[in-house]
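I have placed the structure first, in the form of structure tokens, so that the comments after it can refer back to it.
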Amino acid sequence: MQYRDVFWRIAKSSNEVDYNKYVKEMQELDPTAWQFLENKNPRHFCRLFFKPNAKCDSVDNNMAEIFNAFIIEVRFKPIKTMLEEIFESIMTTVASRKAIAYNLQQQTCPAILKKLDKAKESSRWWQARRASNGMYKVKHGTNGFVVNMYAKTCTCKVWELSGIPCTHALAVMREEQINPI
Ligand SMILES: [Zn+2]
């Protein structure tokens, strides 16, 4: 269980400080376990190495699992029938999602709003100090990150990777009375 926890912390690390901390934790736990992971190439499963242009920080295979569950009944049918049924299922799913989106009161989807609310809640522990050119130093105790409001980046890399403002950027927005949505 401990191995799994440390593995997920490594995979979800978006910056080098966290990544190195959890790699060290795994090495102390069991050097061969880290050797095994290193041989699998962390570039393929760690957020730290993801390119920011996709705006997707997903590190698990939930999307593939959901799709597999979606096609579980039809995948044993002849290929033409299977493809037609997958097409129809996707078509009706997209239509029902569009109907939900059409009735939303705001532009941002509820799942993202929930994430933002959670990040806003933890942002109150962080203090933002303005530098120049849209830059801010955001601190909590001995931890500190640099937010660039013009480039929409933070040294924690969460904002770049997901496209959703991180806790530190939200601390700046609170300070400057900027609406994050
Ligand atoms: Zn950040």
Discussion item. What distance in nm lies between label points placed 7 Å from Cα along the C-beta direction at Trp125 and Glu25?
Written reply: 1.4 nm
Discussion item. Counting only helical runs of four or more DSSP H residues, what would the 222 nm mean residue ellipticity of the chain come to if each run contributes -39,500 (n - 2.57) and the total is spread over all its residues?
Written reply: -16000 deg cm²/dmol
Worksheet item: What FRET efficiency would be calculated for the residue pair Met91, Lys55, taking the C-beta separation as r and a Förster radius of 41 Å, to the nearest 0.05?
Response: 0.95
Worksheet, complete the sentence: Lys152 and Asp5 label points (each 7 Å along its Cα→Cβ direction) are spaced in nm at 3.6 nm
Worksheet item: Of Lys114/Lys139; Lys55/Lys139; Lys24/Lys114; Lys40/Lys120; Lys55/Lys77, which ones are farther than 30 Å apart at the Cα?
Response: Lys24/Lys114; Lys40/Lys120; Lys55/Lys77
Worksheet item: Within straight cross-link reach of Lys80, meaning Cα distance under 15 Å, which aspartates and glutamates are found once same-chain residues fewer than 8 apart are removed?
Response: Glu88
Worksheet, complete the sentence: With x for Gly and Pro, the residue-by-residue ³J(HN,Hα) of the range 2-18, computed from phi through the Karplus equation 6.51 cos²θ - 1.76 cosθ + 1.60 at θ = phi - 60° and given in whole Hz, is 5, 4, 4, 4, 5, 4, 5, 5, 5, 4, 8, 5, 9, 9, 5, 4, 5
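Each reported figure results from applying straightforward, stated rules to the coordinates on display, with no laboratory input. In this text the structure is predicted, and so the values were computed from the model without any measurement. As a convention, Cβ positions derive from the backbone with ideal geometry for all residues, glycine included, and neighbour counts pool all protein chains shown.
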